[in-house]
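Take a look at the structure below.
The values are calculated or read from the model by the stated rules, or taken from the named source; none is laboratory data. What you see is a predicted model; the values in this text were computed from it and never measured. Quick reminder, even Gly has a Cβ in these numbers, built from the backbone with ideal geometry, and neighbours come from all protein chains shown. Ligands, DNA and RNA are stripped out before the accessible areas are found, and what is left, the full protein with its side chains, is counted by its heavy atoms. Shrake-Rupley method; radii C 1.70, N 1.55, O 1.52, S 1.80 Å.
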Amino acid sequence: MARPYLEAHGLYKRFGALEAVKNVHLTLHPGEILAFLGKNGAGKSTTVKMLSGLLLPDRGEVHLLGKNPFREPLALKHLGAVLEGNRNTYWRLTPLENLVYFGVARGLRLAAARKRAWELLEEYALLGKAHTEVRHLSRGMQQKLALLQALIHDPEVLLLDEPTLGLDVETALLMRDKIRTLAQAGKAILLTTHQMEVAEALADRVAIIHQGEVVVEETKEGLLARFAGEHYVLELEEKPALEVIKQLRALGVEGEGPFFFRGNAQALWQVLEAVKPLPLKKVAKGETDLLEIFLKVVGHA
Amino acid sequence: MLDLFLAEFGRNLLALRRYPLELLGAVVTLSVIFYLLFLGARFLAGPGAEFGGRLEAVLVGYLLWTFALFAYTSLSFGLMEEAQTGTLEQVFLSPYGPIPLFLVRNLSGLLTQGLLVFLIAMVLTTLTGARLSFHPGVVLPFLAVLLGGYGLGFAMGSLALLYKRIGQLLGLSQFLLLFLLQAPGTGPFLLLPMAPGASLARGMLAQGAPLDLWGLLVAFLNAFLYLGLGLFLFGRAVHRAKKQGLLHGY
Ligand SMILES: Nc1ncnc2c1ncn2[C@@H]1O[C@H](COP(=O)(O)OP(=O)(O)OP(=O)(O)O)[C@@H](O)[C@H]1O
Ligand SMILES: [Mg+2]
């Protein structure tokens, strides 16, 4: 696998008596979207700020393309961020002016910033509002602009703290597509969100943080399979005889049809053997989604 | 860096162009303050009292004071506003690093301030009938005053970064600034921020004294000392703000 763009080791942050983040390890690889999930106050934004050099960790290190953003601000050329709850842009400037200003503040030449600003405004359908002060834009447009502001210098790493908050369905879908496209173009993206369907649609990997600790971190497929792998659903065309039911119960099958079976794929054959030759309607691995997993994980952790 | 300067300057000009009433307000307020002082002084001195050539000196002194005041307060007001509106964190994401960025900001702000002072000067010369003429060499000690002012500005900026609401303190400490600019340029007063440069400039304006190179050297030493101190404190404050998570406002 390619070298990670962003690595964090053992991040720890305490605010007074509160341990906001405890020993967090994270990596972001090129072309990958990491969904960073957690309840309110779990420590997501605190982690994001440590990753972006805005909050100094008490312990632990951050490497942004191999450099420490706290000691070498130049490393921030490789990072763009949409920060939570912030406007992220100047309200008294227009989108164009904001993008040009932030482009230059992020190290672009003036002419390059201007060119890129126009391209982004066009790509994100904000051309019509290029000259409207940000405070007169709709919330969705402001949120879109916040993303563009993070993209203006074409950084390798994007940290997006709730970028789809408060967007209408259509704009949220557009943002989703854009974020996916950005990852396909090779950017490493960390995305925090409370909208599980967004995470499910976009994530390559999922990290769940609970009370400051990362309690789950694996690929989305792996995670879904791991939790789905726990049970099978079995439906028959007709009701089985009492004896068959007894046998099924002995194997640990629950339910009255549909039947539920917790066990591995081999044990499933024993179940199928028991119902033979009754006609099958459906045999399937139990479905699960990120929401269910999330609730299970943060509920139990 | 040049591009950054241009971008910052552009941002300042845009604000002026888009909110001309604020510019107008500043020009009117600062002009009125001076005019009232002028009338008050005439009233106290009694009718028939003439300022003569002194009026020019007082006016130039006043304009220079507005510059120094701006150098002293602008960073803090900027930091407070941006922490509140929530752009400060984005500004801190600049690869230039906060100190170079704010230095460039100050420089571009100075230019914008020049525009403002020019307008005030026009208003006041018209109102009071004074003519502005002074030895161009005054610019040098005044530059030293400004550098010292920016040093103090960075020191205040440290407080703004850490404690946010320091508007009152800034307002009150303007009197301190006034004292520093009026302090005699001798003995221990030479150690006070801005004082040596200010007294040199005053001497040149009021008494028409020639430029004292030795004094100028002292003024610049003093200026760089306080600028360095201000930058050092600001660097410490940035570190502390990053440690305590104070870059966003509430
Ligand atoms: N600067 C700060 N000073 C003191 N406490 C803080 C500070 N920043 C965050 N905290 C605390 O740290 C904890 C984690 O906050 P954080 O903002 O990281 O949560 P989050 O996961 O982003 O939550 P949300 O989903 O609500 O955005 C919270 O209890 C919060 O009150
Ligand atoms: Mg948060």
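The table for this structure:
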item	result
Average Cα contact separation per residue, chain B, under 8 Å, 6 or more apart, as relative contact order %	27 percent
Rough spin-label spacing in nm, given labels placed 7 Å along Cα→Cβ, for A:Asn68 and B:Arg54	6.1 nm
Whole-percent carbon and sulfur share, accessible surface of the stretch A:1-82, 1.4 Å	51 percent
Normalised alpha carbon radius of gyration of the stretch B:1-116 [divisor 2.2 N^0.38 Å]	1.37
Cα shape, the stretch B:116-241, gyration tensor, a/c 1.5 rule	oblate
Theoretical FRET efficiency, 1/(1+(r/R0)^6), r = Cβ-Cβ of A:Lys281 and B:Met1, R0 60 Å, to 0.05	0.25
Whole-number percent relative contact order across the stretch A:99-231, with pairs defined as alpha carbons under 8 Å at least 6 apart	17 percent
Once exposed loop trypsin sites (Lys or Arg not before Pro) are cut out (DSSP; at most 12 other Cβ, 10 Å), longest piece of chain B	B:1-130
Expected-Rg normalisation [2.2 N^0.38 Å, Cα atoms] applied to the stretch A:6-112	1.19
At least 50 Å² of accessible area lost relative to the chain alone, listed for the stretch B:224-247 with a 1.4 Å probe	B:Lys242, B:Lys243
Euclidean distance of C-alpha centroids, the stretch A:134-150 and the stretch B:176-195, integer Å	48 Å
Cα-based reach from A:Lys276 at 24 Å (exclusive), listing lysines while leaving out same-chain residues under 8 positions away	A:Lys239, A:Lys246, A:Lys285
Chain A - percent relative contact order, Cα under 8 Å, separation 6 or more	21 percent
Chain-alone versus full-assembly comparison, the stretch B:69-114, residues with accessible loss of at least 20 Å² (1.4 Å probe)	B:Thr85, B:Gly86, B:Thr87, B:Glu89, B:Gln90, B:Leu93, B:Ser94, B:Pro95, B:Tyr96
Solvent-accessible area buried by pairing B with A, both sides, nearest 100 square angstrom, 1.4 angstrom probe	3000 Å²
Principal-axis tilt of helix B:2-18 within chain B, Cα atoms, nearest 10 degrees	70 degrees
Heavy-atom surface of the stretch A:1-76, accessible at 1.4 Å and reported per residue (Å²)	41 Å²
Accessible area of the stretch B:98-250 belonging to carbon and sulfur atoms, whole % at 1.4 Å probe	74 percent
Angle between chain B longest axis and helix B:139-163 axis [Cα atoms, degrees, rounded to 10]	40 degrees
For the stretch A:158-288: rounded, prolate or oblate by the Cα gyration tensor [a/c cutoff 1.5]	prolate
B:Leu37 paired with B:Arg240, simple spin-label distance in nm, labels 7 Å along Cα-to-beta-carbon	3.3 nm
Rounded, prolate or oblate (a/c below 1.5 giving rounded, otherwise prolate when a/b exceeds b/c) for the stretch B:103-146 by Cα gyration tensor	oblate
Calculated FRET value between A:Arg109 and A:Lys39, using beta carbons and R₀ = 45 Å, to 0.05	0.55
Sum of -39500 (n - 2.57) over DSSP H runs of 4+, divided by residues of chain A (222 nm, nearest 500)	-11000 deg cm²/dmol
Label zone at B:Met122, where the point sits 7 Å out along the Cα-to-Cβ direction: the stretch B:1-15 residues whose backbone N lies under 14 Å	none
Computed log₁₀ I(q)/I(0) - Debye formula, equal Cα scatterers, no solvent, chain A, q 0.16 Å⁻¹	-1.22
The protein assembly as shown: C-alpha pair distances exceeding 45 Å, %	35 percent
FRET efficiency, 1/(1 + (r/R0)^6) with R0 41 Å, evaluated for B:Thr85 and B:Thr186 via beta carbons	0.35
Partner chain coverage, peptide A:87-94 - average Cβ within 10 angstrom	5
Inter-chain Cβ neighbour average for residues B:3-12, partner chain, 10 Å	5
Listed pairs A:Lys13/A:Lys77; A:Lys220/B:Lys243; A:Lys77/B:Lys243 exceeding 30 Å between Cα atoms	A:Lys220/B:Lys243
